[in-house]
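The values are calculated or read from the model by the stated rules, or taken from the named source; none is laboratory data. A quick note: this is a predicted structure, and the numbers were derived from the prediction, not measured. Here the Cβ positions follow ideal geometry from the backbone for every residue, glycine too, while neighbour counts run over all protein chains shown.
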Protein chains: 2
Amino acid sequence: MVKDIKVAIIGVGGVGKAFVSQLYNYIEKNASTVSISVVYIGRSSSALISTDYSPLRLTPFVAEEVDKTGTDPLSIPDLIKFLKASGSETILVDNTSSIELANTYPDILSAGIHIATPNKKGFSSEEKLWNDIFAASGNNGGKGGYVFHEATVGAGLPVLSTIRDLVDTGDEITKVEGVFSGTMSFLFNEFAPVVGSESPKAFSDVVKVAKDAGYTEPDPRDDLNGLDVARKLTILARLSGLSIASPTSFPVESLIPKPLESVATPKEFMDGLPTYDSDMGLISNEARGEGKVIRFVGSIDVPSKAVKVGLEKFEYSHPIAGLKGSDNIIAFYTKRYGDRALIIQGAGAGAEVTAMGVLSDVIKIIARIK
Amino acid sequence: MVKDIKVAIIGVGGVGKAFVSQLYNYIEKNASTVSISVVYIGRSSSALISTDYSPLRLTPFVAEEVDKTGTDPLSIPDLIKFLKASGSETILVDNTSSIELANTYPDILSAGIHIATPNKKGFSSEEKLWNDIFAASGNNGGKGGYVFHEATVGAGLPVLSTIRDLVDTGDEITKVEGVFSGTMSFLFNEFAPVVGSESPKAFSDVVKVAKDAGYTEPDPRDDLNGLDVARKLTILARLSGLSIASPTSFPVESLIPKPLESVATPKEFMDGLPTYDSDMGLISNEARGEGKVIRFVGSIDVPSKAVKVGLEKFEYSHPIAGLKGSDNIIAFYTKRYGDRALIIQGAGAGAEVTAMGVLSDVIKIIARIK
């Protein structure tokens, strides 16, 4: 029997567009075993709604069409009612970064609707929300929908599935360490490379190159404040069994010079940054003196419950020092794996690989429902 | 509702014993959501059979008890009948390396029994067996049992799940490259280290150290012939979409000197090996002259359909050159990930991590059945 699944998608930015395109290919290729209909595509101001649950035309998908031909988006309670009334198994794909939407996950899951999402907010905010989400879900044998969020850490890299496999099979995670931000990876791989370090660059120049290439948020302070990494560490620490109140409940080093925290515009920030190049140069040179380079890392020491985010020094031969481009690297130390870490490395950002993480979650949900 | 699952286990060697211990812990921890009963534990000469399907006592599990208190093992047709008559969903865990057992997978799966196994034989032998197994299985939407074999490559490392996620979400794998044998990894990390190479070791000495430490098969030729790596490459190439007739249908370099292939005992082989140290020394020195080290790797170039196993040279800064201990490393190059590989690295052998790979498959099967 061909399974019948209805999908609602919220958010059609870069990741959302890549996801729709990948999902369409998946639907075509697997039509003989599963029937997937996209019945809702929403963005903040408008939505395409298939009121009779016939599949919305997906290709060629032009996100702007949602605005042109769409109607008002449904409220979440109305979206839940709409999906439940389909009589099918339903999956909501949240491709936004909205905390408001994440706050409604417990209601969505309680209604039996499954969720796949790269949105970190639901899993890295107050601990109550995390608890409410998983209590409402069917992940641990309950009656609610399944919730999968692989792409919240490392995009398409198999980070969360690996940590879940380790924990589920009874291994004990002792330490997690890595570079969790493609932006931070690029900045320090360029600023403090292991080789070719003869003529050191100014940190502000590297930030400018990254900003101009689109590797940073429009305001680079949204990367440099470390909060994105702190959110990912919150998720990993919780999956490792630690209780984490919020992403600001452990030490997070901001790379924004104090006086530039409050300047109004990204331009003012960028203009002011060169003033502080000597500070970062000093830190890097001190590391060089010890035969090391600096990297912006996150680490979780499970036995001591110590979670932290910030600059650390690494010897040239360390895998974290040898990182290239904007790659992420995540090292899991566990009881079974002993001294030698289980390491996952590769692109941890980008629309295509993030969408891939979301689609693989959708596929896993489909495999679990009949 | 608590799911009711019956499990049959064949093979109680190192991996089998570790698996039973991990499974028992899992059963205890998850008793509120799933009821798992081990109803059959078999080895070649004897078996414990719970004829009324009540759970066999698992702890403390002493493998020798199977021989002491067991009866004759069931034939596979009788085991299928026994499991089907339970009326429950059933999983067969094959912890052997038997081709005879693997040959019966299509029958087992056709009967609706699921399989989890670290046994490479079913997936790396003649292509017909591979095709028969997956045609009989429920993996691709059919009616048969699910078959999962994560631990056939890289033990507990998430290698096969990753390649499946890449393929399922529509990525195109262009190249797979890596060190797939813990034994080969140890031999060359010791014989041709990136650092500390001042006083080169004799290859035969390194093999002796590995053999004495139990890192090789009782007859080291079973590692040095490259067939174990060839079997893993066969599995990865098939998952990457290539048609591979058998593990001997592509070039595999054997490190066994020709005249020692036919000597009768491991001792004669070890005694003869030092004669050929200069050959291996020459190959290593030539690489050194180019600023490289030699490693025993497998690679799959998907567009040209070229699969090969053997010695290759790598620059000191290459992740494969920097490997330590007996770690495996697997690099996936894909269309989405571009020039930068998705890399998975860590212990790829050992009873505990292999058993973990098998148990995580069992957990995934349970999640898919109701």
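The residues in the stretch A:316-327 that are under 19 Å from B:Gly178 (Cα atoms) and either of a type in the set (S, T, N, Q) or at the interface with chain B (Cβ under 8 Å from one of its Cβ atoms) (or both) can be counted, and the count is 4. Out of (1) at pLDDT below 95; (2) of a type in the set (Gly, Ala, Ser); (3) under 30 Å from A:Glu127 (Cα atoms), what's the single condition that is false for A:Ala245? Looking at each condition in turn, A:Ala245 falls short on (1). The requirement of being in contact with a Leu (Cβ under 9 Å, 6 or more places away or on another chain) and of a type in the set (Asp, Glu) is satisfied by A:Glu172.
Of all residues in the stretch B:349-370, count the ones that are part of a helix (DSSP H, G or I) and more than 7 Å from chain A (Cβ to nearest Cβ).
Taking the stretch B:349-370 first, the residues part of a helix (DSSP H, G or I) are B:351-368.
Restricting the remaining residues to those that are more than 7 Å from chain A (Cβ to nearest Cβ) gives B:351, B:354-355, B:357-358, B:361-362, B:364-366.
Looking only at that region, the number is 10.
Residues to consider are B:Gly16, B:Gly11, B:Gly42; find the one that is in contact with a strand residue (DSSP E or B) (Cβ under 8 Å, 6 or more places away or on another chain), among the small types (Gly, Ala, Ser) and within 22 Å of A:Val167 (Cα to Cα). Before the answer, list the steps.
Values: B:Gly11 fails: within 22 Å of A:Val167 (Cα to Cα); B:Gly42 fails: within 22 Å of A:Val167 (Cα to Cα).
Result: B:Gly16 is the single residue among B:Gly16, B:Gly11, B:Gly42 that is in contact with a strand residue (DSSP E or B) (Cβ under 8 Å, 6 or more places away or on another chain), among the small types (Gly, Ala, Ser) and within 22 Å of A:Val167 (Cα to Cα).
Do we have B:Lys292 as away from chain A (no Cβ under 14 Å), free of Cβ contacts under 8 Å to residues at least 60 places away in the same chain and out of contact with any Pro (no Cβ under 7 Å at 6 or more places or on another chain) here? Yes. The lone criterion from (1) out of contact with any Pro (no Cβ under 9 Å at 6 or more places or on another chain); (2) away from chain B (no Cβ under 14 Å); (3) modelled with pLDDT under 95 left unmet by A:Phe250 is number (3). Residue under question is A:Tyr24, and the condition is that it be in contact with a Leu (Cβ under 6 Å, 6 or more places away or on another chain), assigned by TED's automatic domain parsing to the domain that holds A:Glu150 and in contact (Cβ under 8 Å) with a residue 24 or more places away in the chain; does it hold? Yes, satisfied.
Quick grid of which residues meet (1) in contact with a helix residue (DSSP H, G or I) (Cβ under 8 Å, 6 or more places away or on another chain); (2) surrounded by fewer than 20 Cβ atoms within 10 Å (Cβ to Cβ); (3) within 12 Å of another protein chain (Cβ to nearest Cβ):
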| residue | (1), (2), (3) |
| --- | --- |
| B:Val159 | yes, no, yes |
| B:Thr169 | yes, no, yes |
| B:Gly182 | no, no, yes |
| B:Phe188 | no, no, no |
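Among residues that are within 13 Å of chain B (Cβ to nearest Cβ) and of a type outside the set (A, V, I, L, M), A:Asn225 is not included. Against the conditions (1) at positive phi; (2) modelled with pLDDT of 95 or more, A:Gly291 satisfies every one except (2). Taking the numbered list (1) closer than 19 Å to A:Val38 by Cα; (2) free of Cβ contacts under 8 Å to residues at least 24 places away in the same chain in turn, A:Pro118 passes all entries but (2).
Any residue that is more than 29 Å from A:Arg336 (Cβ to Cβ), surrounded by fewer than 24 Cβ atoms within 10 Å (Cβ to Cβ) and over 18 Å from the mean Cα position of the chain (by Cα) - is there at least one of those in the stretch A:117-126?
Narrowing the stretch A:117-126 to residues more than 29 Å from A:Arg336 (Cβ to Cβ): A:117-119, A:121-122, A:125-126.
Pick out the ones that are also surrounded by fewer than 24 Cβ atoms within 10 Å (Cβ to Cβ) and you get A:121, A:125-126.
Next, from what is left, pick out any that are over 18 Å from the mean Cα position of the chain (by Cα): none.
No, the stretch A:117-126 contains no residue that is more than 29 Å from A:Arg336 (Cβ to Cβ), surrounded by fewer than 24 Cβ atoms within 10 Å (Cβ to Cβ) and over 18 Å from the mean Cα position of the chain (by Cα).
Take the residues of the stretch A:135-157 that are away from chain B (no Cβ under 11 Å) and of a type outside the set (A, V, I, L, M, F, W, C): which is farthest from A:Ile330 (Cα to Cα)? That would be A:Gly144.
Could you list, in sequence order, all residues of the stretch A:332-352 that are under 21 Å from the mean Cα position of the chain (by Cα), at positive phi and modelled with pLDDT under 95?
Taking the stretch A:332-352 and keeping what is under 21 Å from the mean Cα position of the chain (by Cα), we get A:332, A:342-352.
Narrowing the set further to residues that are at positive phi leaves A:346, A:350.
Of everything in the stretch A:332-352, just one residue is under 21 Å from the mean Cα position of the chain (by Cα), at positive phi and modelled with pLDDT under 95, namely A:Gly350.
So for the stretch A:164-174 (the condition being assigned by TED's automatic domain parsing to the domain that holds A:Leu227, of a type in the set (Val, Ile, Thr), under 23 Å from B:Asn30 (Cβ atoms) and free of Cβ contacts under 8 Å to residues at least 60 places away in the same chain), does at least one residue qualify? There is at least one residue in the stretch A:164-174 that is assigned by TED's automatic domain parsing to the domain that holds A:Leu227, of a type in the set (Val, Ile, Thr), under 23 Å from B:Asn30 (Cβ atoms) and free of Cβ contacts under 8 Å to residues at least 60 places away in the same chain. Of the set (1) over 28 Å from B:Gly14 (Cβ atoms); (2) touching a helix residue (DSSP H, G or I) at 6+ places or on another chain (Cβ under 9 Å), all apply to B:Leu129 but (1). Summed over the stretch B:333-348, the residues that are more than 8 Å from chain A (Cβ to nearest Cβ) and within 17 Å of B:Thr152 (Cα to Cα) give a count of 1. Scanning the stretch B:266-283 for residues that are within 25 Å of B:Gly214 (Cβ to Cβ) and touching a residue at least 40 places away in the same chain (Cβ under 8 Å) yields B:Pro266, B:Phe269, B:Met270, B:Leu273, B:Pro274, B:Tyr276, B:Asp277, B:Met280.
Based on what the data block shows, is A:Gly178 in contact (Cβ under 8 Å) with a residue 12 or more places away in the chain, over 25 Å from A:Met356 (Cβ atoms) and under 15 Å from the mean Cα position of the chain (by Cα)? Outline the logic, then answer.
Working: in contact (Cβ under 8 Å) with a residue 12 or more places away in the chain: yes; over 25 Å from A:Met356 (Cβ atoms): no; under 15 Å from the mean Cα position of the chain (by Cα): yes.
No: the conditions fail for A:Gly178.
Of the set (1) away from chain A (no Cβ under 14 Å); (2) modelled with pLDDT of 95 or more, all apply to B:Ile163 but (1).
Does A:Ile344 satisfy the condition of being among the β-branched types (Val, Ile, Thr) and either in contact with a strand residue (DSSP E or B) (Cβ under 8 Å, 6 or more places away or on another chain) or closer than 26 Å to A:Phe191 by Cα (or both)? Answer is yes for this residue.
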